[in-house]
Amino acid sequence: FEWTTWLMGTVQFSYALYDQPDLVDAVINKLSDIIYRGAEELMTLSNFGGLFIGDDMGYYSGTLVSPKILREKFLPHLKKMVDLAHSAGKLALLHSCGNLEKIMDDICDTGIDGKHSFEDKIMPVEEVYRRWGDRIGIIGGVDINILASGTVEEVRRRTRQILDACAPTGHYVLGTGNSVASYIPLKNYLAMIDEGRKWNREHFGRDF
């Protein structure tokens with residue numbers, strides 16, 4: 001989705017969905033083929049662990065285009081990448097920003113191993129885990145706003161809340177809600193990591 005809208009321009013892409021649907025399909029298929037061939041090459045590397053696919057499909061209140069368009073035109077290509085990774089015994093993970101509630105079941109149906117990027121004001125990661133954590137791994141969720149503007153104590157408290165809710169039964173990986181942005185104070189990032197180590201020592205007797 002990202003590559004298609006970057007290449008065509010979001011406005012032009014939106015018009016073309018109705019005026020030139022064949023052109024949209026041709027662009028999507030061409031991009032998918034290029035990305036797929038690159039992924040095939042990566043699968044031949046002995047030290048390659050898996051794919052971490054970045055494809056932002058949403059914003060605060062919903063998906064950037066209708067869920068129907070994403071289901072019909074883009075998620076089949078995601079599934080193709082997932083199947084490729086799995087056929088080689090590799091992981092397939094997805095980063096996608098925004099409110100994807102309406103297509104989360106469809107994302108799970110692709111067989112993706114894990115999903116990253118969560119924001120408290122959209123849906124706290126605990127709720128995401130409750131709803132979909134039995135189907136895919138949930139990655140991250142310590143909100144960027146807390147990491148950027150909170151105190152060390154607030155970061156530790158929020159990290160602990162998430163771990164207590166998501167980590168005991170597995171399928172969860174501690175991390176930020178999005179990127180490790182340059183404006184996040186280092187002490188806050190390290191506090192999140194350290195709290196994760198403490199939690200693991202308390203529950204499993206090891207740091208990781």
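By definition, a body whose alpha carbon gyration tensor gives a ≥ b ≥ c is oblate when a/c is 1.5 or more and a/b is not larger than b/c, and segment 132-208 fits this oblate description. Normalised per residue, the accessible area of the chain is 53 Å², obtained with a 1.4 Å probe and no contribution from ligands, DNA or RNA. Remark: relative contact order (the chain) = 15 percent; criterion is Cα-Cα distance under 8 angstrom and separation of 6 or more residues.
So if each residue of separation counts as 0.36 nm, and I subtract the Cα-Cα distance between D109 and R135, what length gain in nm does that give?
8.5 nm is the gain from fully extending D109 to R135.
Between F48 and any residue 5 or more places off or on another chain, the built amide H atoms are never under 5 Å apart.
Placing R0 at 30 angstrom, the Cβ-Cβ distance between Y59 and K198 gives a FRET efficiency of 0.30 after rounding to 0.05. By the rule of a C-alpha distance below 16 Å, with chain neighbours fewer than 8 residues away ignored, the aspartates and glutamates paired with K187 are D143, E153, E154, E195. Using the Karplus equation 6.51 cos²θ - 1.76 cosθ + 1.60 (θ = phi - 60°), what ³J(HN,Hα) coupling, rounded to whole Hz, does each residue of segment 3-17 give in order, writing x for Gly and Pro? These are the phi-based 3J(HN,Hα) values: 4, 5, 6, 5, 5, 8, x, 4, 5, 5, 4, 5, 5, 5, 3 Hz. Taking only protein heavy atoms and a 1.4 Å probe, the accessible area of the chain is 54% carbon and sulfur.
This model, with +1 at the C-beta of Lys and Arg and -1 at the C-beta of Asp and Glu, gives the chain a dipole about its Cα centre of some 480 debye. Within straight-line reach of K121, meaning a Cα separation under 18 Å, sit the following lysines at least 8 residues removed in sequence or on another chain: K102.
Sorted largest first, the principal axis extents computed over the alpha-carbon atoms of the chain equal 56, 38, 31 Å.
Out of the DSSP beta bridges found with both residues in the chain, what percent are antiparallel (nearest 5)? Just about 10 percent of them are antiparallel. Between H95 and I53, G54, D55, H116, the built amide H atoms are under 5 Å apart, and every one of these is 5 or more places off in sequence or on another chain.
The values are calculated or read from the model by the stated rules, or taken from the named source; none is laboratory data. This is a predicted model, so every value here is computed, not measured. Note that each Cβ is placed from the backbone with ideal geometry, even for glycine, and that neighbours are counted across all protein chains shown. Note: areas computed on protein heavy atoms with side chains; ligands, DNA, RNA excluded. Shrake-Rupley method; radii C 1.70, N 1.55, O 1.52, S 1.80 Å.
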